[in-house]
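Computed from the coordinates by the stated procedures, all read-outs in this text should not be read as laboratory data. Remember, predicted model here, so these are calculated numbers, not experimental data. So basically every Cβ, Gly included, is an ideal-geometry build from the backbone, and we count neighbours across all protein chains shown.
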Amino acid sequence: MAEYLKRGKSEADRATDDAKVRKSVEDILADIEGRGDAAVRDLSQKFDGYSPQAFALTQSEIEAAMSKLSSREIDDIRFAQDQVRNFAQIQRDSMTDVEVETMPGVVLGHKNIPVQSVGCYVPGGKFPMIASAHMSVLTAKVAGVPRVLASSPPVNGAPHPAVVTAMHLAGADEIMILGGIQAVGAMAIGTQTVTPCDMIVGPGNAFVAEAKRQLYGRVGIDLFAGPTETCVIADETVDAEICATDLLGQAEHGYNSPAVMITNSRKLAEETMAEIARILEILPTAETARVSWEDYGEIILCDSYDEMLAVSEEICSEHIQVMTDRDDWFLENMTSYGALFLGARTNVANGDKVIGTNHTLPTKKAGRYTGGLWVGKFLKTHSYQKVLTDEAATLVGEYGSRLCMMEGFVGHAEQCNVRVRRYGGINVPYGAGAPYRDAAE
């Protein structure tokens, strides 16, 4: 039976935190709905100390931000975007339109149509998430989205040069310097100066995730991507330094980032806890990582690999790093996660920043029913039908008429009957189902 060598906050305490966030977001979205630009400006001043003449950047302002980067920094951003673009294009090419004649005279098909406008939120705060521009803006453009609005908070009272550069190079049609709930609300609801989008995507803190949850339905969203989560599944094929580094590397995201280790080695578990204590004394971001580890960190000791698998499936973490003597066995058997990182050579940071897969992933167990952001999230698959011959219109109409009458939908049946009468020359009384005909006919 699994033994918790360290536990984080209880589910009840986490639920209380969520309730506080929910009420705050509800009030702020209502304010944006009612006051538009004025509310957005007040919120930006309150939370970010930022109130420019306009939140949307001009071309000259974009160029000024980009000029602050070295050629090496721009090359690094381009390299990362090349990897993300390449994999996104491979994914897009795998999604084909379909048209097929399913029976004589009946043609069915579907088309993959891009969402027409997308708002991409690029988180800032303590850590400007440059990579989120690649993951959202660039992927939307590969999907063929005509209008992409990107928004990111100011850093130290000004646009962050690298974030602006990444959003621009990724292909954003409009760039705003606006953060948090006010950015998500403006992009979804619209204001006097912000044209609303059809879909909102991108990761963020608990407030951004809750804003997307409350706006879902009014607009589409990618998924509920809240505070980052990581889970390390490890046996004695790896050492404590790697495990501790990988746990704290994600715990530094924020004060509420769960970091969980699942292992079948008590020795590795104890050594990892000691290594975490050592690293926290020298890690520059320890102020954040320490709080996350103390409140949300867990170490779970299991009796077997099967139990390790079962525990990880229940946790359903956003990132799962597997470092064992049977990594492919976990790949074959795992069903609930955001993304997998297999083997000690692999790590979540590479996935977050450069390797090419998308880092916007499901959190809070959403991996049970959805995968992460990818090019397909920006495409809507719409079906269509064509009936090309009188014979097909008559045959399908007769079946349709009788099936509609089974359900009591007389008006539906008459849609079928009028075709049977017109294209088949068969008399079907109004309000009746089509007659049965012998196969020989």
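Figures for the structure shown
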| quantity | calculated |
| --- | --- |
| Partners for Lys68 among aspartates and glutamates (Cα-Cα distance below 16 Å; same-chain residues under 8 apart left out) | Asp76 |
| Part-to-part distance (alpha-carbon centres) for region 392-426 and region 257-312, which is given in Å | 64 |
| Cβ-Cβ FRET estimate between Gln385 and Asp76, R0 fixed at 56 Å, reported to 0.05 | 0.70 |
| Length gained when the stretch Leu342-Arg422 is fully extended (0.36 nm per residue, less Cα-Cα span) | 22.6 nm |
| Average Cα contact separation per residue, the chain, under 8 Å, 6 or more apart, as relative contact order % | 18 |
| Simple label model, 7 Å out from Cα along Cβ direction - Trp329 to Ile90, nm | 2.8 |
| Partners for Lys6 among aspartates and glutamates (Cα-Cα distance below 14 Å; same-chain residues under 8 apart left out) | Glu270, Glu271, Glu294, Asp295, Glu298 |
| Dipole axis of the chain (+1 Lys, Arg; -1 Asp, Glu on Cβ), positive-most option in Gly249, Ser304, Val322 | Gly249 |
| Test item: Cα-centred dipole of the chain, Lys/Arg +1 and Asp/Glu -1 on Cβ, debye | 1520 |
| Ellipticity estimate at 222 nm from DSSP helix runs (n ≥ 4, -39,500 (n - 2.57)) divided over the chain, nearest 500 | -14000 deg cm²/dmol |
| For region 16-151: rounded, prolate or oblate by the Cα gyration tensor [a/c cutoff 1.5] | oblate |
